[in-house]
Amino acid sequence: MKETLNIVLLGKTGNGKSSTGNTLLNRKAFQVSCDKTSCTTLPLLEVSDIMGVRLKVVDTPGLMDTSGTRNEDTILNVCCGMSLCPDGFDALVLVLDYNNIFSTEEPETIRILRTFFGESFVRDYCVVVVTHGDNFDLDRSEDEKPISFKEWCLELKHPVGIAQLFKECQYKVVLFYNKGPVYASQREAAVKEFINLLQKIKGRYTNEHFNSCVAQREKFIQESRTPELRSNIQELLSLLVCDIDEILNSRHSERVELTKLKRHVNELIMRVDGQTESLGFMDNLKSKLFLVRHRIENIDSQGMKKELESLKQEIQKLKNPSVDWTKLWYKIASVMSTIFKAAGILMQTNSKWSELGKVFCSAGELMDSTQKEISS
């Protein structure tokens, strides 16, 4: 039997990580927000002796944070949190909110965590905590045949991402009641079940595991910077168009204005240098900018106006690259699949619409499978 248990709390902002930590430690160790905003801005470590073991709990800032925290800052915070227990963690605890468990954001949270910790972390080291057990009990009381939380987990089919998560972690899922004195006995039972699950996990998630995922985390940071980089490039391309318009309408020395235009092209080349290939957007942008610069250097006074007008059109094309219709289809299909499945789940809660709900869920599953077949 382990004498010390180390855990780290992970999940989306507002899911109740800090409240779960307080329940586990049996004291108000972490600050808790009254709304969905994040109180935890840095990883924190708190310790308590409970049920015969020393429990070390690391609370981390939430993913998909509502305060606008950058993804690279989130990764840095998670790295700092991992360093608070150098000897590793007995479990990486994913905290879900029962009220939002059907939201489209949760699968994205799980995807990000796999990027952070590796594909096998769910199977080997993950324990799932579902908060707001009071609302689960309320929903089940309205069912014709109420079932236990464990039965509900086993029977869950939708959303597919959550059902797969439960199955992959071998149903190491615990329902928590973090608020209200009336739920004291349920809280105690939940903590006991949680500790028992930790005791059964073999080994620890160590820094060696975490360091093996460095490349994945760096790729995630690069991808998260794409929208900002796109915006910056669009801004610089717009400046090039303005420079050309100024030259065409200027009464000053064209050569001076062309030097300014060339300088802005060089700034843009430096901005995209070494990034466009890794980020996978605006293919060949750098080589096209080299051609633009070459054309500027070889403009002669006689054909200047015609050449500048041609350059302007070329830059406008760079500002508005052609649409990738395949990617657009995947995006639309993914959204429609989510809508169909969510509507189907809601319909199945009403006996009148139950059969139609199954049809909607099946339609969503069909869209998912069609996407996979096309992509393969």
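The values are calculated or read from the model by the stated rules, or taken from the named source; none is laboratory data. All values derive from a computational prediction rather than experimental measurement. Cβ placement follows ideal geometry from the backbone for every residue including glycine, while neighbour counts extend to all protein chains displayed. Accessible surface areas use protein heavy atoms only, side chains included; no ligands, DNA or RNA. Shrake-Rupley method; radii C 1.70, N 1.55, O 1.52, S 1.80 Å.
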- request: Looking only at region 228-237, decide whether some residue is modelled with pLDDT under 70, touching a Ser or Thr at 6+ places or on another chain (Cβ under 7 Å) and surrounded by 15 or more Cβ atoms within 10 Å (Cβ to Cβ).
  value: no
query: Filter region 130-153 for residues that are of a type outside the set (Phe, Trp, Tyr) and in contact with a Gly (Cβ under 8 Å, 6 or more places away or on another chain); which is farthest from Lys219 (Cα to Cα)?
result: Asp134
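Thr74 - would you say it is modelled with pLDDT under 85 and open to solvent by 50 Å² or more (accessible area, probe 1.4 Å)?
Values: modelled with pLDDT under 85: yes; open to solvent by 50 Å² or more (accessible area, probe 1.4 Å): no.
No, not satisfied.
Among helices (runs of 4 or more DSSP H) lying entirely in region 89-188, which contain 3 or more residues that are open to solvent by 50 Å² or more (accessible area, probe 1.4 Å) and touching a residue at least 40 places away in the same chain (Cβ under 8 Å)? Don't jump to the end; show me each part of the working.
On the way: elements: 105-117, 121-125, 133-141, 149-155, 160-168.
Hits in region 89-188: 105-117.
Does Ser334 count as modelled with pLDDT of 65 or more, open to solvent by 50 Å² or more (accessible area, probe 1.4 Å) and small (Gly, Ala, Ser)?
yes
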- request: Look through Cys85, Cys79 and report the one residue that is buried (at least 16 other Cβ atoms within 10 Å of the Cβ) and part of a loop (DSSP other than H, G, I, E, B).
  value: Cys85
- line: Restricting region 260-277 to residues that are open to solvent by 60 Å² or more (accessible area, probe 1.4 Å) and not in a loop (DSSP other than H, G, I, E, B), the one modelled with the lowest pLDDT turns out to be Glu277
- prompt: Is it the case that some residue within region 141-164 is at pLDDT below 90 and either on the phi > 0 side of the Ramachandran plot or among the polar types (S, T, N, Q) (or both)?
  reply: yes
